[in-house]
1. Which residue is least open to solvent (accessible area, probe 1.4 Å), if the candidates are limited to region 396-420 and must be among the hydroxyl-bearing types (Ser, Thr, Tyr) and either at pLDDT 95 or above or in a loop (DSSP other than H, G, I, E, B) (or both)?
2. Across region 291-329, what is the total count of residues that are surrounded by fewer than 22 Cβ atoms within 10 Å (Cβ to Cβ) and either within 23 Å of the chain's Cα centre (by Cα) or of a type in the set (S, T, N, Q) (or both)?
3. Quick check on region 230-253: of everything there that is hydroxyl-bearing (Ser, Thr, Tyr) and open to solvent by less than 30 Å² (accessible area, probe 1.4 Å), which residue is nearest to the chain's Cα centre (by Cα)?
4. Name the one entry in Leu117, Leu85, Leu133, Leu113 that is on the phi < 0 side of the Ramachandran plot and open to solvent by 30 Å² or more (accessible area, probe 1.4 Å).
5. On the given criteria, is Phe376 open to solvent by less than 40 Å² (accessible area, probe 1.4 Å), aromatic (Phe, Trp, Tyr) and part of a helix (DSSP H, G or I)?
6. Taking region 293-321 only, how many residues are of a type in the set (S, T, N, Q) and either on the phi > 0 side of the Ramachandran plot or touching a Pro at 6+ places or on another chain (Cβ under 8 Å) (or both)?
7. Quick one: what pairs do we get from region 156-178, first residue open to solvent by 10 Å² or more (accessible area, probe 1.4 Å), second among the acidic types (Asp, Glu), C-beta under 8 Å, 6+ apart or different chains?
8. When you go through (1) buried (at least 16 other Cβ atoms within 10 Å of the Cβ); (2) closer than 20 Å to Ser101 by Cα one by one for Pro332, which number turns out not to apply?
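The values are calculated or read from the model by the stated rules, or taken from the named source; none is laboratory data. The structure presented is a predicted model; accordingly, all values stated were derived computationally and were not measured. Please note: Cβ atoms are built from the backbone with ideal geometry, for glycine as well, and neighbour counts cover all protein chains shown. SASA here: full protein model, heavy atoms, side chains in, ligands and nucleic acids out. Shrake-Rupley method; radii C 1.70, N 1.55, O 1.52, S 1.80 Å.
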Amino acid sequence: MRVNIEDVTTQGLCMGCGACHSLLGPDAVALLTADDGLHEPVRRRDLTEREIDVFNAVCPGVNISVPDYVNTDMTDPMWGPRRMLWKGYSSDPEIRFQASSGGALTSLSLFVLESGLVEQIVHLAPDPNRPMLSRPHRSRTREQVLAAMGSRYSPSAPLSDIADVLAEGRTFAFVGKPCDVTALQNLSRLDERVAQLCKYTFTLFCGGFPGLGKYRPLLSEWNVAENDLSWFRYRGHGCPGQTAAGTKDGRTFQVNFWDLWDDETTWQSYFRCRFCPDSIGLSADIAAMDCWQDANPKQEDEGWNSLLARTEAGEQVLKEALEANYIKLTEPWTSEHLEWSQPHQSRRRRGILARYAAFADAGVPVPRVEETALEFVSHEPGSEAFAAEQAWTARKLTAGANRRPTPKIPTKSASESGPR
């Protein structure tokens, strides 16, 4: 079933990656920044049949394609392809301290750039005009990579310039959320330049991300307006680190991890995040994650990552970065370690098919998921657990948790308020 852009945006399936805006062009699809920060595509005109096909093929709110690893020798249906899985951290103490966890993805990015394996890193950097948001960025120097270091726990549109990246013809490594990597994987089926130019994809185990409403109470508490901010840091300078901000007049504020995140009712994750079958980066070359028991840090500590190389390319670059002393690896991990540190990920994957059954019952568009492994890990249809997940989702849909207002077709000046 083909869907249109409005189906995706109004039903809460859009993650704001920006791919449709870039691929179809700003004359066809504007990118409007909503009040909560989500970068929503808005049609400027009727799309051609080919444009609708491209949108349906690439959009990660419509199509979630992953490699067929069930029929390979890497058969872990819950956690996906695995060629190498180790706990480690960045060899650079300053990166390890400043980064959100152990700094491994920053150091891997530096390695592939400085060793000449790629010409640039395509990732995110803070938006200087709205520091709580991010914008697409291409780093070609060490200084540029370090300036963009750190997780960005807010909406972003990392693929809103992907057509320009491909037209430029430079090789690159891409760093983004699993859904962003999915969109790039989808695009590779349509455009051979993706495989030619994108040499590596790096991602994280994602717990979902919130809108700006999560952080606005902090600004109110600090008596700071958003346009007064000069910088905003979500984590880092320790692990888990503090959320901190600075204003244009020199004031600084911070809040510790537990005060900000302990109450799950305040998380405000986007609807699509709660129903993501691939928040563990199944299509990426390397996926990194935090190493806390039950995904819950007990104290400030040195930064650590677990690094999961899923592909031959990922395994090779991880070994080369280790040999070149960009990263350190301290102990091999297993599926049991993943369950110990990421139990929320396995709980979600067990419930996805039941949740999608509720989508279908409610007439809500269901993303196409090309992953046969879900059938192996899912709750058994008809079981009490399956029914509970389906009923919970039905209640959310009845309450309208998926609904977002239809964005108005903006004027040219309005579209320019989107990511740059």
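1. Here the answer is Ser417.
2. Result for region 291-329: 14.
3. Only one residue fits best here, namely Tyr234.
4. Leu117
5. no
6. So the answer is 1.
7. Arg170/Glu119; Thr171/Glu119
8. (1)
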